[in-house]
Amino acid sequence: QKEVEQNSGPLSVPEGAIASLNCTYSDRVSQSFFWYRQYSGKSPELIMSIYSNGDKEDGRFTAQLNKASQYVSLLIRDSQPSDSATYLCAVSDTGRRALTFGSGTRLQVQP
Amino acid sequence: KAGVTQTPRYLIKTRGQQVTLSCSPISGHRSVSWYQQTPGQGLQFLFEYFSETQRNKGNFPGRFSGRQFSNSRSEMNVSTLELGDSALYLCASSLGQPPDYEQYFGPGTRLTVT
C-alpha cells in the first residue's frame with residue numbers, strides 16, 4: 001500500500017516569508033513527484049513536477065527531491081496571501097501512471 | 001489551449017440510481033484519469049484510459065466503470081448509487097507517455113447522493 005504523508009497544518013507564515021511544505025512517501029519505486037495547489041471549492045492546479053534528485057525552481061517555487069530519504073518538499077518564496085490554499089503532494093511510479101496523493105497541507109499567509 | 005472540461009458540474013441523484021459523468025481532455029492528450037475526492041478519504045485514483053483502453057484501475061468496486069472514445073473524451077459511470085458515493089469527481093488529462101507525466105485536472109463534477 002503506497003502512502004504519501006503530509007502534515008495537515010495549518011502552516012501559518014507572514015507575508016513575504018518563505019513557506020516550506022514537506023512530504024514523505026513509502027514506495028521506493030516512485031519515480032514522478034508533483035505538487036498541486038487547491039483552493040477551497042476548486043480543483044487541484046499543478047504547480048511543479050520533479051523527477052530527479054535535487055532542486056527545481058520555477059518562479060517563486062522550488063521543489064526539492066531526495067529519493068534516498070524518500071522525501072520531497074516545496075518552498076514558496078515571498079509568500080503572498082493569494083498563496084493561501086491546500087498544497088497536495090502526489091507521487092506515481094512510471095509504470096502505473098496513477099497518482100497517489102497525500103492528504104494535503106493547509107497554508108495560511110498572514111498579511 | 002483550452003483546459004480540461006467536465007460536465008455536468010453538479011448533480012443530485014437518489015440512492016440506487018446510476019450516473020454518467022463526462023470529461024474532455026486537453027487537445028492532444030490521450031490519457032484520461034479519474035479521481036474521487038472526499039473529505040474523509042482525500043483524493044483517490046479510480047482508473048486511467050489511454051487510446052480507448054483502460055490501463056490502470058484503482059481499488060473501487062465494479063459499480064464504477066468508464067470508457068474512452070476515439071477522440072479521447074471519456075465517460076465515467078456509477079451504478080446503484082450509495083450515499084457514500086457523494087464526492088467531487090475529478091478528471092485529469094495528460095500526454096500519457098514519456099517523458100511527460102504531468103496530469104492536469106478539470107473543474108470536477110460534484111455529485112450528491114440523497
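The values are calculated or read from the model by the stated rules, or taken from the named source; none is laboratory data. Only a predicted model underlies this, so the values are computations on that prediction, with no experimental measurement involved. Ideal geometry is used to build each Cβ from the backbone, glycine not excepted, and the neighbour counts take in all protein chains shown. When the accessible area is computed, the model is the full protein with side chains, heavy atoms only, and any ligands, DNA or RNA have been set aside. Shrake-Rupley method; radii C 1.70, N 1.55, O 1.52, S 1.80 Å.
The single condition among (1) more than 24 Å from B:Q6 (Cα to Cα); (2) of a type in the set (S, T, Y); (3) touching a Cys at 6+ places or on another chain (Cβ under 9 Å) that A:S79 does not meet is (3).
Highlighted here are the strands (runs of 3 or more DSSP E) found entirely within the range A:13-111 that include at least 2 residues which are farther than 22 Å from A:E3 by Cβ and without any contact (Cβ under 8 Å) to a residue 60 or more places away in the chain: A:54-58, A:61-66, A:71-76. Scanning the range A:12-41 for residues that are closer than 12 Å to A:A90 by Cα and of a type in the set (A, V, I, L, M, F, W, C) turns up A:C23, A:F33, A:F34, A:W35. Of all the criteria given as (1) at pLDDT 95 or above; (2) open to solvent by 40 Å² or more (accessible area, probe 1.4 Å); (3) facing another protein chain (nearest Cβ under 10 Å), the one not satisfied by B:S70 is (3). Number of residues in the range A:66-88 that are more than 29 Å from B:Q36 (Cα to Cα) and either within 14 Å of chain B (Cβ to nearest Cβ) or buried (at least 17 other Cβ atoms within 10 Å of the Cβ) (or both): the value is 1. A search for C-beta distances below 6 Å between a residue of the range B:67-80 that is basic (K, R) and any residue that is part of a strand (DSSP E or B) and surrounded by 13 or more Cβ atoms within 10 Å (Cβ to Cβ), counting only pairs 6+ apart in sequence or on different chains, returns B:R67/B:E75; B:R73/B:S24. Suppose we keep only residues that are under 12 Å from the mean Cα position of the chain (by Cα) and more than 8 Å from chain A (Cβ to nearest Cβ) within the range B:93-110. Which one would you say is most open to solvent (accessible area, probe 1.4 Å)? That would be B:R110. Of all positions in the range A:46-65, at least one carries a residue that is touching an Asp or Glu at 6+ places or on another chain (Cβ under 9 Å), within 24 Å of B:F50 (Cα to Cα), within 11 Å of chain B (Cβ to nearest Cβ) and open to solvent by less than 20 Å² (accessible area, probe 1.4 Å). Within the range B:7-26, not a single residue is surrounded by 21 or more Cβ atoms within 10 Å (Cβ to Cβ), closer than 19 Å to A:F34 by Cα and either modelled with pLDDT of 95 or more or of a type outside the set (D, E) (or both).
Can we say B:V32 is touching a helix residue (DSSP H, G or I) at 6+ places or on another chain (Cβ under 6 Å), open to solvent by less than 70 Å² (accessible area, probe 1.4 Å), closer than 26 Å to A:S103 by Cα and touching a residue at least 12 places away in the same chain (Cβ under 8 Å)?
So B:V32 fails the test.
Residues in the range A:59-105 that are over 11 Å from the mean Cα position of the chain (by Cα), more than 14 Å from A:T24 (Cβ to Cβ) and either of a type in the set (S, T, N, Q) or modelled with pLDDT of 95 or more (or both): 13 in all.
Selection over the range B:78-92 of residues that are more than 10 Å from every other protein chain (Cβ to nearest Cβ), within 17 Å of B:T5 (Cα to Cα) and surrounded by fewer than 23 Cβ atoms within 10 Å (Cβ to Cβ) gives a count of 0.
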